[in-house]
Amino acid sequence: PLFYENNLYTLHDAAFKAYAKAYSYKYRLVYGFMVPILLQRCKHVITVSNFSKKEIHKLYGTDIKKIVVVYNAIASQFFPIVDDKLKNTPYLFTITSTGDNKNFNMVLDVFLDAAKYIPGLKLYAAGKTLKEAKYTKYKKYADNPNIIFLGYISDDELIRYYSNALAFMFPSIYEGFGIPPLEI
């Protein structure tokens, strides 16, 4: 509750303020209104990394003693799964979104460069907002048969793609805590 004082508030990061261009005006407006009030009124703030703790302190002036770090973790099923079909297809893998802070443009540039030297190279891109790539700024890539926009995938599928890729790409510009590198 916005005006209730006896609470803990979890704020994963301050990306919407620190890297505002990755978020819509409406999103920034709502969070820009709510977050300062919540940070001021809560007893403690829980965040996911020391980086986020410092960012929250720096950007909002929240008392550093009030901010507690509880690190993210991964599920116990994250162990390699060999998939012969995937293993026999050279591919790069990324899990991302269309937000500018995720730097998906770099993934595409690296893939297109590498594809010149590795015959049959594919790029598998997972992420909920990539599901309809043909309607985003990446629509020019939607018809490339070597770039496969997977959309949302289950944890088991995620593990299979991690396990059999030539390389996992995670060139994010801003993260409070990047879980995908822990999962691989």
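The values are calculated or read from the model by the stated rules, or taken from the named source; none is laboratory data. Here the structure is a predicted model, which means the values were calculated and not measured. Note that we place each Cβ from the backbone using ideal geometry, even for glycine, and neighbour counts take in every protein chain shown. Just so you know, the surface numbers come from the protein's heavy atoms only, side chains and all, with ligands and any DNA or RNA stripped out. Shrake-Rupley method; radii C 1.70, N 1.55, O 1.52, S 1.80 Å.
Computed values, structure above
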{"quantity": "Bridge type composition, the chain - antiparallel percent by DSSP, nearest 5", "calculated": "0 percent"}
{"quantity": "Sequence of D63, D13 when ordered by accessible area, the most exposed leading, probe 1.4 angstrom", "calculated": "D63, D13"}
{"quantity": "Taking the chain and dividing mean pair separation by its residue count, relative contact order in percent (alpha carbons under 8 Å, at least six apart)", "calculated": "25 percent"}
{"quantity": "Interchain or long-range residues, amide H under 5 Å from I67's placed H", "calculated": "V45"}
{"quantity": "Nitroxide proxy distance, nm - points 7 Å out along Cα→Cβ at N144 and N72", "calculated": "2.6 nm"}
{"quantity": "V82 accessible area, assembled protein chains, probe 1.4 Å, Å²", "calculated": "110 Å²"}
{"quantity": "Residue-normalised accessible area of region 1-73, given per residue in Å² at a 1.4 Å probe", "calculated": "64 Å²"}
{"quantity": "Heavy-atom SASA rank of E157, E175 (probe 1.4 Å, accessible area, largest first)", "calculated": "E157, E175"}
{"quantity": "Of K17/K139; K43/K102; K65/K102; K66/K128; K21/K66; K85/K128, pairs whose Cα-Cα distance is over 26 Å", "calculated": "K17/K139; K43/K102; K65/K102; K66/K128; K21/K66"}
{"quantity": "Net length gained if the chain between L182 and I46 were fully extended (0.36 nm per residue, minus Cα distance)", "calculated": "46.9 nm"}
{"quantity": "Test item: Cα-centred dipole of region 1-138, Lys/Arg +1 and Asp/Glu -1 on Cβ, debye", "calculated": "280 debye"}
{"quantity": "Read-out Cα Rg over 2.2 N^0.38 Å, derived from the coordinates shown; its label in [x] 0.99; [y] 1.08; [z] 1.20", "calculated": "[z]"}
{"quantity": "Cα long-axis angle, helix 104-115 against the chain (0 to 90 degrees, to the nearest 10)", "calculated": "20 degrees"}
{"quantity": "Selected from Y25, Y60, Y161 as most flexible by GNM, with the chain as the system and alpha-carbon contacts under 10 Å", "calculated": "Y25"}
{"quantity": "Helix 155-164 vs. the chain, principal-axis angle (Cα, 0 to 90°, nearest 10)", "calculated": "50 degrees"}
